[in-house]
Structure formats: structure tokens, C-alpha cells
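The values are calculated or read from the model by the stated rules, or taken from the named source; none is laboratory data. Owing to the predicted nature of the structure, the values given are computational and were not obtained by experimental measurement. Don't worry about glycine lacking a Cβ; one is built from the backbone with ideal geometry, like all the others, and counts go over all protein chains shown. These accessible areas exclude ligands, DNA and RNA; they are computed on the full protein's heavy atoms, side chains included. Shrake-Rupley method; radii C 1.70, N 1.55, O 1.52, S 1.80 Å.
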Amino acid sequence: MHASQLITALGARLNELAARIDAQGHPLVQQSRFDPLLFSVRGNRLQDYLSESRATLSHLTSAVEQGRTERVAWLSQRLTDQMLALSRELATQNLLHGHPASAPAEDVYARLAEYQDYKRRLLAMIRDRDSLRTAANDLARARQLQQEIAALEGRLIRCRQALTRLEYQIERRERGE
């Protein structure tokens, strides 16, 4: 995926999330719900945190324009984590206030396909790094690659957990629960 496509996709997801937050009437949140490393803002409305996510998207756009690939990777992961945290909080608010969390079935299956693609790409990246590590002549490079492999394996574990949760959700939906 090209950087411009990544920004477009993340922007679209952020706009969808904003619409869902607006539909809930700007619900209040407890400050302790979010990791302080994820959000620097300390507001009590989801809109406050959404604004920080929009700022992260803006920083991401700037990093892409400047060609700072490491910063792009970090900011895109941060933005994804921020949107996931906001989405979870919104789902929690829906449960607490009796609003059903209704996602169209197509959306769930699209997410399943997306997660499966993430899993496939992570496995490919791990294989690539591992082959580079075994061919590395420099000990420092081999260590760096091993650290990258460990980080990718952590992401793979979280990806598999998300896949399992999503498959369970689909299974429950198909059984009519």
C-alpha cells in the first residue's frame, strides 16, 4: 500500500469514527480509560481524543511529504492504535447506555479479510527478516533484525488474537446470539 493510499484509508476510517462519535452526542469518558502514552490530551469527551487523532493524521501526512519512512510507520501505528482505542470506548459507551453496536455483516467480513491480509503480510515480513538475519555478516545487523523479528512476532500475536475475536463474533452472529 502506498503512503497516499494509507493516508486516504486512515482518513476515511477516522471520518467514519467521527461520524459514530457525533451520532452518540459527544459522550463523556473517564480520563483513566486511555493509556497516557497513546493520548496526550486529558479531556472528558471523545471529541477531545478524536481531535488528537486528527492531529496525528496531520503529522502523518507531513511525515509522508518529507519522506520520513520510520516516522510514517510509527505515526500510522499510533493513529491506528488511537482509532482502535476510540472505537472500543465508543462500543463500551454503547453497551453502557443501551445503544446496540450494530455493524453490517459485510463490514465484519471485510475486517476479517483485512486482518487475514495483515497476518499474511506479517508472516512474509518475518520470513524476510529471518532470511536476512541468517545471511547477515555483521553481528549488530543480526541483532537489529532479531529485534525487528521479535516486534513483528508481537504484532502477529495481536493480529491472531484479533482474528480469533472477530471469528468468534462472526460465529455468534451466525448462530443468532
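A few points about this structure:
- Members of the range 8-38 that are within 19 Å of Trp74 (Cα to Cα), open to solvent by less than 40 Å² (accessible area, probe 1.4 Å) and modelled with pLDDT of 85 or more: Leu10, Gly11, Leu14
- Filtering the range 166-177 to residues that are surrounded by 11 or more Cβ atoms within 10 Å (Cβ to Cβ) and either at positive phi or under 16 Å from the mean Cα position of the chain (by Cα) (or both) leaves only Leu166.
- For the range 112-159, filtering for residues that are within 18 Å of Leu84 (Cα to Cα), in contact (Cβ under 8 Å) with a residue 24 or more places away in the chain and loosely packed, with under 15 Cβ neighbours inside 10 Å leaves 1.
- Filter pass, Ala162 being surrounded by fewer than 15 Cβ atoms within 10 Å (Cβ to Cβ), at pLDDT below 95 and assigned to a helix (DSSP H, G or I): no
- Qualifying positions in the range 38-68 - free of Cβ contacts under 8 Å to residues at least 40 places away in the same chain, β-branched (Val, Ile, Thr) and either farther than 22 Å from Arg158 by Cβ or in a loop (DSSP other than H, G, I, E, B) (or both): Val41
- Residue in the range 79-100 that is nearest to Tyr49 (Cα to Cα), counting only those that are surrounded by 12 or more Cβ atoms within 10 Å (Cβ to Cβ) and modelled with pLDDT under 80: Leu90
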